[in-house]
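First up is the structure itself, then whatever we jot down about it.
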Amino acid sequence: MADLNSEVRYIKGIGEKRAKLLEKLGVQTLFDLIRHFPRAYEDRTVIKTVAETEPDETVCVKATVTGAPVFARSRRGLEFVKLRAADDTGTIDIIFFNRKYIKDQLKPGARYIFYGKVAGALSLKTMTNPVFEPEDKQSDVTGRIVPVYRLTSGISGRVFMNLMRRGLDMCGSGIPDILPDAVRAENKLAEAVFAYENIHFPADPNSLDFARRRLIFEELFVLACALGLRGGERRKASGIKLRRSDPDEFYASLPFSPTGAQMRAIKAAELDMCSGKLMNRMIQGDVGSGKTLAAAACIWLSYKNGLQSAFMAPTEVLAAQHFKTLLGFLSPFGVRACKLTGSMTAKQKKETKDAVASGEFDLVVGTHALLSEDAIFPSLGLVITDEQHRFGVGQRGALSGKGQNPHVLVMSATPIPRTLALVIYGDLDVSVLDEMPPGRKAVKTFTINEELRARLYGFVRKLVSQGRQVFAVCPAVEENEDAEIELRSAEEHARELKKEFPDLAVACVHGRMKPKDKDAVMAAFSSGEIDILVSTTVIEVGIDVPNAALMIIENAERFGLSQLHQLRGRVGRGDSESYCVLISDPESKEARKRLKIMCETSDGFKISEEDLRLRGPGDFFGSRQHGLPDMRIADLCSDVRILDLARTEAERTLKRDPCLTSAENSKLLQGINELFNIKGKTFN
Ligand code: ADP
Ligand code: MG
């Protein structure tokens, strides 16, 4: 049996040059090769007689070459080879462009199977550039289901297929089965050898289904086991046992009563932190559901126990805002808080860190700067990360690695569909804030095109004259080089608006600005000095300005639905009516459909499911921000049923063998290690 880790350049037919090309496809070892699954298939199983074929049909035809192929040149100068073929039912002309050599490959009197698209009327049928094989040799490219691979220039589909054939033959029956026998039997799954053979060269449609199902299950099962294993370790871990404190004392100081959902989340977190086990909880709630308050209550409890808390936000702007909000909730109790962000001078940072290290602060709110090694927390009881999906799993871990095993609370505004959440956050307990603070009105949402811009600006005037404020969001920062898609860059757009509204205060904030300048603009907007704030998506998450009444989004079709929903969540935070206007001239039906969803619903979960369906999970989270490995064959959106099965089975497996140390799970454990760390090098 061949070593699955052996490099592909040692396979016959693959030299240094092809090995380089294959590397571009992520294929270095034999195992990589056989796991380069087809992206699609062509069903070439149907063989018809000439008479049976229909125009525009792509199909196999078995026919005899009736005359010698002729080489000719068209009036436009195109070279082609033409021949006539026939069966008992009729004749068909076969034409090959730019393939002179074919003239000598097709022998008059011999029978071939041609696969291609049929054109022409009853009297004169033609097939252009078909693939073909002699009838007696048939089986490689006709009369079967043929794999279609993701390729790179320099390797054709046919060549790749041949390499794959050779690769699989080398493996023979030596592909190890990563699934424990019991799991495979229980779920009626194909064996590994069968699955690998039939995913590439399916014997028939049923075998392909059987193979696919097995490989998708395997991939999701390994993922679920990996996350479950990690979650299990976390759940077992002991944590600082806090003393309970009556939350009514905290609630009494608030300007409003907490919602039922907030109280339930706070209660759950309190139980966690007072249990002696480590808390690993996520609070998930749509924009505006009041996650910050829940966080504040946890910080309060930690403070009551004489412990420090650290709160990490993904941007400077958000850190500044959270600092202000949390201080508002907590300073009445004497909580001493400070800010620690990357934009502070080295001196400021050092002073702050020293003060934190000597216990002068109970709460530190900041950005990634909190993770720096010299940020030392002498009595850290709780770490909180906001907008968790923006941080990789690694960064989340880095903060909780501070201090002596602090409790962990993560907050997410991305309403992730449940099935996906169970996998991605399989290691967290989840509280959902499914209730909005009272008095919140749905944001009235409209899609308009350029023609209505003048009317929109009239509306802007009216709102500003009522003392309200306006957001205008653009997708790009710099002026776009691509003149065809006229993106309204933030800076340019701000200039235009200044011209349009010379008497109003218009300002601009974007990601290229220094954090300090950004903060200054945001602060001015918060305090009402600015009427219209033009921005890029830096304001996407978290910013809270209740007086903002209108969100205008330029080139709305360029944004994902979840992103639009987040943006829209920036308004409608006060009790008066607020609006969201999506400006777009979408060409595509798909884009129109997406924007329509925004106008019809304000339910974040519904929007995220649509978004996920339309874009897929990779895009949904931004590139790899979810911290999950890329899937080779499974699709986290559409393979939901198998995902459920795989997760249940993973739970059962881990229950029997919590660390996967038994012999029957050894290959599984290897697969898990490989998935997360040691790409491609550990398989034996
Ligand atoms: P998000 O979940 O998007 O982070 P925030 O925590 O920023 O939401 O809260 C949104 C707004 O709602 C804030 O202005 C906050 O003060 C307010 N708020 C939070 N909880 C309540 C409540 N129970 N009643 C009224 N207003 C609330
Ligand atoms: Mg928030």
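The values are calculated or read from the model by the stated rules, or taken from the named source; none is laboratory data. Because the structure is predicted, anything quoted here is derived from the model rather than measured. When we count neighbours, we look across all protein chains shown, and the Cβ atoms used for this are built from the backbone with ideal geometry, even at glycine.
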Six or more apart or on different chains, Cβ atoms under 6 Å: show the pairs whose first residue is in segment 318-333 and within 18 Å of Met522 (Cα to Cα) and whose second is more than 9 Å from ligand 1 (Cβ to nearest atom) and basic (Lys, Arg). Phe323/Lys339
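With the structure loaded, tell me whether Ala337 is within 23 Å of Ser372 (Cα to Cα) and within 16 Å of ligand 2 (Cβ to nearest atom) or whether it fails that test.
Working: within 23 Å of Ser372 (Cα to Cα): yes; within 16 Å of ligand 2 (Cβ to nearest atom): no.
It is false that Ala337 is within 23 Å of Ser372 (Cα to Cα) and within 16 Å of ligand 2 (Cβ to nearest atom).
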Could you list, in sequence order, all residues of segment 268-304 that are within 13 Å of ligand 1 (Cβ to nearest atom), surrounded by fewer than 24 Cβ atoms within 10 Å (Cβ to Cβ) and among the hydroxyl-bearing types (Ser, Thr, Tyr)? Thr292
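Being under 28 Å from the mean Cα position of the chain (by Cα), buried (at least 16 other Cβ atoms within 10 Å of the Cβ) and of a type outside the set (D, E, K, R) is the filter here, so list the residues in segment 1-40 that pass it.
First, the residues of segment 1-40 that are under 28 Å from the mean Cα position of the chain (by Cα): 21-29, 31-40.
When the remaining residues are screened for being buried (at least 16 other Cβ atoms within 10 Å of the Cβ), the result is 21-22, 25, 27-29, 31-38.
Within segment 1-40, Leu21, Leu22, Leu25, Val27, Gln28, Thr29, Phe31, Leu33, Ile34, His36, Phe37, Pro38 qualify.
Answer yes or no as to whether Ala355 is at pLDDT below 90, of a type in the set (A, V, I, L, M, F, W, C), surrounded by fewer than 21 Cβ atoms within 10 Å (Cβ to Cβ) and not in a loop (DSSP other than H, G, I, E, B). Step through it out loud before you land on a result.
Values: at pLDDT below 90: no; of a type in the set (A, V, I, L, M, F, W, C): yes; surrounded by fewer than 21 Cβ atoms within 10 Å (Cβ to Cβ): yes; not in a loop (DSSP other than H, G, I, E, B): yes.
Spelling it out, it is not the case that Ala355 is at pLDDT below 90, of a type in the set (A, V, I, L, M, F, W, C), surrounded by fewer than 21 Cβ atoms within 10 Å (Cβ to Cβ) and not in a loop (DSSP other than H, G, I, E, B).
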Mind listing whichever residues of segment 242-267 are of a type in the set (Gly, Ala, Ser) and either surrounded by fewer than 12 Cβ atoms within 10 Å (Cβ to Cβ) or within 16 Å of ligand 1 (Cβ to nearest atom) (or both)? Ala252, Ser253, Ser257, Gly260, Ala261, Ala265
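Can you name the residue in segment 278-303 that is among the aliphatic types (A, V, I, L, M), modelled with pLDDT of 95 or more and touching a Ser or Thr at 6+ places or on another chain (Cβ under 7 Å) and is also nearest to ligand 2 (Cβ to nearest atom) among such residues? Break it down stepwise before answering.
Within segment 278-303, the subset among the aliphatic types (A, V, I, L, M) is 278-279, 282-283, 287, 293-297, 299, 301.
Then drop every residue that is not modelled with pLDDT of 95 or more, which leaves 293-297, 299, 301.
Filter once more, keeping what is touching a Ser or Thr at 6+ places or on another chain (Cβ under 7 Å): 299, 301.
On the way: Ile299: 14, Leu301: 20 Å.
Here the answer is Ile299.
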The one condition Arg235 fails out of (1) more than 30 Å from Pro438 (Cβ to Cβ); (2) charged (D, E, K, R); (3) modelled with pLDDT of 95 or more is (3)
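Counting just the residues of segment 305-331 that are under 19 Å from Gly239 (Cβ atoms) and in contact with a helix residue (DSSP H, G or I) (Cβ under 8 Å, 6 or more places away or on another chain), which one comes out nearest to ligand 1 (Cβ to nearest atom)? Break it down into steps so the answer makes sense when it comes.
Residues of segment 305-331 that are under 19 Å from Gly239 (Cβ atoms), as a first pass: 305-312.
Add one more test, that the residue is in contact with a helix residue (DSSP H, G or I) (Cβ under 8 Å, 6 or more places away or on another chain), and what stays is 308-312.
Details: Gln308: 22, Ser309: 16, Ala310: 18, Phe311: 12, Met312: 14 Å.
Selected residue: Phe311.
Take the residues in segment 397-413 that are within 16 Å of ligand 1 (Cβ to nearest atom) and part of a strand (DSSP E or B); name whichever of them is modelled with the highest pLDDT. Spell out how you get there, then give the answer.
Going through segment 397-413, the residues within 16 Å of ligand 1 (Cβ to nearest atom) turn out to be 409-413.
When the remaining residues are screened for being part of a strand (DSSP E or B), the result is 409-412.
Values: Leu409: 93, Val410: 88, Met411: 88, Ser412: 82.
Ranking the qualifying residues of segment 397-413, first place goes to Leu409.
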